[in-house]
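Student: One structure coming up, written as structure tokens, with questions to follow.
Readers should treat all values here as calculations from the given coordinates under stated rules, not as data from a laboratory. Values in this document were obtained by computation on a predicted structure and should not be read as measured data. For neighbour counting, all protein chains shown are included, and Cβ atoms are generated from backbone atoms with ideal geometry for every residue, glycine included.
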Amino acid sequence: MYAAVLKGLASFHRWVGVVLCLMFATWFATGAMMVFVAFPAVSASEAAARSEPVDLTAVALAPGEAAARLGRPADLRLVGRAGAPAYVGRQDAHMAAIAAADGRPLPALTARQAEAVAARFGGAPAARVSAPIDYDQWVVHQALNPWRPFYRVRLADPAATEIYVSAATGEVRQKTTRLQRTANWVGSVVHWIYFTPLRRSFAAWDWTVWSLALTGVATAVAGVWLGVTRTSRKMRSKRPGVSPYRGLLRWHHVIGLAAGGFVLCWISSGWLSMDHGRLFSDGAPTAEAAQAYRGGGGTQTPPALTAADLRSLGAGATAIDFGQLNGCSIAAARSPSGPRALTLCPQMRRLGAGVPDGLVLSAVRAAWPGEHIVSAAAVRGDSPYAKAEGVPDGAMQVQLAGAQALRLFVDPVSGQLLVVMDRSREAYAWVYYMLHTYNFPGLSDRPALRTTLLLIPLTLGFVFSITGVLVGVRRLRAFTPVAKPTPRPRVS
């Protein structure tokens, strides 16, 4: 029975490996490139520093009225849009904008307006403006869906910068340079199988990559099992040794013994990057907890913010986000000079760099009454859990003890919940993020050492995969029929 299992594993590993070894080699090579050049993105700090300031003196519409006209979106914002303030929010699956002066619906940006927005953001004149596009390689992520379509504006600068301006809201949502585009074509795009025709359908892309990676995990498991079994048998034979094979297959076996553990861990953790809530929690609060966090259990009526209240935030804000925290109204402004937040409660009015810590903690108690707050402090820049979730520096971490033992990450300016990390999510941070990026505690704050320790096994995994590719080519050649020459007719 065991011999039959080994034979089946060998057949599976041999022929599936012929197909996947080239993909393994590509994953290792492109993964090494991603260590140095990440997929392009516009950070919150860059957007705050480069976007158009909001002219608060021209705002006449109160946020509450603007929310009503936009269908009460959960993501109401006030931005500068082509020279005038505008409220933007999500209507169904798309963003809409209304004038902050009189509430009239705003049409899509013109090409000339998009050109001006991009030139301001990039600090260089525009060289070319495309017609509005729904998708291209750099705006294919589903998180950008509400802001489509985009103007793609090429700047006349040495970096060949391209800026993507939402035709709906006038906001810059993506920026790339020639170096980023080139490096990502041999990095993230290939590594994630991020090609636009496939990636524009999240469901199709998710299933494809998840299935391929899972097959890769099964192939790696079979290879490790067979490699150890073959070595064990050879060590017990009359002529003990490491490998029973010769030539190229011997190299594949020996390097596999050295690199097999890393290959299995790295492919498995890469597969888990596509988990999306399948096996582990997704980091989002329950609907009940989110409602209690925002509304204090629905027992308080937040006071209404007025246009005059917004002017107290001062000049220079490039975006103002509106929200609710434990029954209080929050207006959180981002600007090049730093954030400011206005907090209005039935019995409190406060203007500062962020929402009061005490208000955040009271909202936490309302949302998770069975938990005990152990600590609340700013996230350290080298926190592996924060890095795993992409939490920005300066966020607040609230540690809870109790049945759920939660770790909460909170935006200190607006009080918005960023991540709710339970035990399942903490485990996910270890088995996916840390195993895949080596951002372990003690290494996450030593980037040079971490990079070196990651590149060594990536190189070994790449070499190992190349031996598999060569073995696969040899096997395919052995099964390729050779055409016999056609005999010439005999001349009598």
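Student: Give me the net charge for the shell around Arg200: Cβ to Cβ below 15 angstrom, other residues only, Lys and Arg +1, Asp and Glu -1.
Tutor: So the surrounding residues net to -1.
Student: Would region 287-421 count as rounded, prolate or oblate if I go by the C-alpha gyration tensor, calling it rounded below 1.5 in a/c and otherwise prolate when a/b exceeds b/c, oblate otherwise?
Tutor: Judged from the Cα gyration tensor, region 287-421 comes out oblate (a/c at least 1.5, b/c at or above a/b).
Student: Taking a point 7 angstrom from the Cα of Gln399 along the C-beta vector, which residues in region 421-439 have backbone N less than 15 Å away?
Tutor: Once the point is set 7 Å along Cα→Cβ of Gln399, 421-423, 426 turn out to lie under 15 Å by backbone N, inside region 421-439.
Student: Which listed residue (Gly338, Val413, Gly295) has the Cα farthest towards the positive end of the charge dipole for region 287-421, taking +1 on Lys and Arg C-beta and -1 on Asp and Glu C-beta about the Cα centre?
Tutor: The Cα lying farthest towards the positive end belongs to Gly338.
Student: Can you find, among Gly170, Ala156, Val139, the residue sitting farthest towards the positive end of the charge dipole of region 44-182, where Lys and Arg contribute +1 and Asp and Glu -1 at Cβ?
Tutor: Toward the positive end, the furthest listed residue is Ala156.
Student: To the nearest 10 degrees, how steep is helix 357-367 against the longest Cα principal axis of the chain, on a 0 to 90 scale?
Tutor: Rounded to the nearest ten degrees, it is 70.
Student: Now for a different question. What FRET efficiency do you get for Phe202 and Arg278 if R0 is 22 Å and r is their Cβ-Cβ distance, rounded to the nearest 0.05?
Tutor: The formula returns an efficiency of 0.95 here.
Student: Using only helices, what value at 222 nm comes out for the chain when you add -39,500 (n - 2.57) per DSSP H run of length 4 or more and divide by the total residues, to the nearest 500 deg cm²/dmol?
Tutor: -13500 deg cm²/dmol
Student: Now a separate question. How far is the Cα center of region 387-427 from the Cα center of region 42-58, in Å?
Tutor: 26
Student: Give me the distance between the Cα centres of region 151-175 and region 187-236, rounded to whole Å.
Tutor: Here the two parts' Cα centres lie 36 Å apart.
Student: A further question on this structure: Subtract the Cα-Cα distance of Ala143 and His94 from 0.36 nm times their separation in residues, and report this length gain in nm to one decimal.
Tutor: 16.5 nm
Student: Using only Cα atoms and rounding to the nearest 10 degrees, what angle (0 to 90) does helix 111-122 make with the longest principal axis of the chain?
Tutor: Helix 111-122 and the main axis of the chain meet at about 80 degrees.
Student: Report the FRET efficiency, 1/(1 + (r/R0)^6), for Phe195 and Ala111, where r is their Cβ-Cβ distance and R0 is 35 Å, rounded to 0.05.
Tutor: Rounded to the nearest 0.05, the efficiency is 0.80.
Student: Taking the Cβ of Ala317 as the center, what net charge do the other residues with Cβ under 9 Å away carry, scoring Lys and Arg +1 and Asp and Glu -1?
Tutor: Around Ala317, the surrounding residues sum to +2.
Student: With r as the distance between the Cβ atoms of Ala304 and Ala84 and R0 = 22 Å, compute the FRET efficiency 1/(1 + (r/R0)^6) and round to 0.05.
Tutor: According to the calculation, E is roughly 0.45.
Student: Please report, to two decimal places, log10 I(q)/I(0) for the chain at q = 0.08, 0.10, 0.12 Å⁻¹ as given by the Debye formula with identical point scatterers on the Cα atoms and no solvent.
Tutor: -0.63, -0.90, -1.17
Student: For the residue pair Arg423 and Arg477, what label-to-label distance in nm results when each label sits 7 Å from Cα along the Cα-to-beta-carbon direction?
Tutor: Modelled inter-label distance: 5.5 nm.
Student: For Asp55 and Leu22, compute 0.36 nm times the residue count separating them, minus their Cα-Cα distance, and round to one decimal in nm.
Tutor: This chain segment gains 6.4 nm when fully extended.
Student: Determine Rg/Rh for region 196-301; Rg is computed over alpha-carbon atoms and Rh is the Kirkwood hydrodynamic estimate from the same atoms.
Tutor: With Rh from the inverse mean 1/r over Cα pairs, Rg/Rh is 1.31.
Student: Moving on to the next point. If you place +1 on the Cβ of every Lys and Arg, -1 on the Cβ of every Asp and Glu, and leave all else neutral, what size is the dipole of the chain about its Cα centre, to the nearest 20 Debye?
Tutor: 3120
Student: Could you pull out every Cys in the chain that lacks a partner Cys with its beta carbon under 4.7 Å away?
Tutor: Lone cysteines by the Cβ rule: Cys21, Cys265.
Student: Report the charge-dipole magnitude of region 235-353 in Debye, nearest 20, computed about the Cα centre from +1 at each Lys and Arg Cβ and -1 at each Asp and Glu Cβ.
Tutor: It comes to approximately 860 debye.
Student: Same structure, new question: Figure the gain on full extension for Ser375 and Val35 (residue separation times 0.36 nm, minus the Cα-Cα span) and round it to one decimal in nm.
Tutor: 119.1 nm
Student: Working from Cα positions, state the angle (0 to 90°, nearest 10) between the long axis of helix 202-235 and the longest principal axis of the chain.
Tutor: Once rounded, the angle reads 40 degrees.
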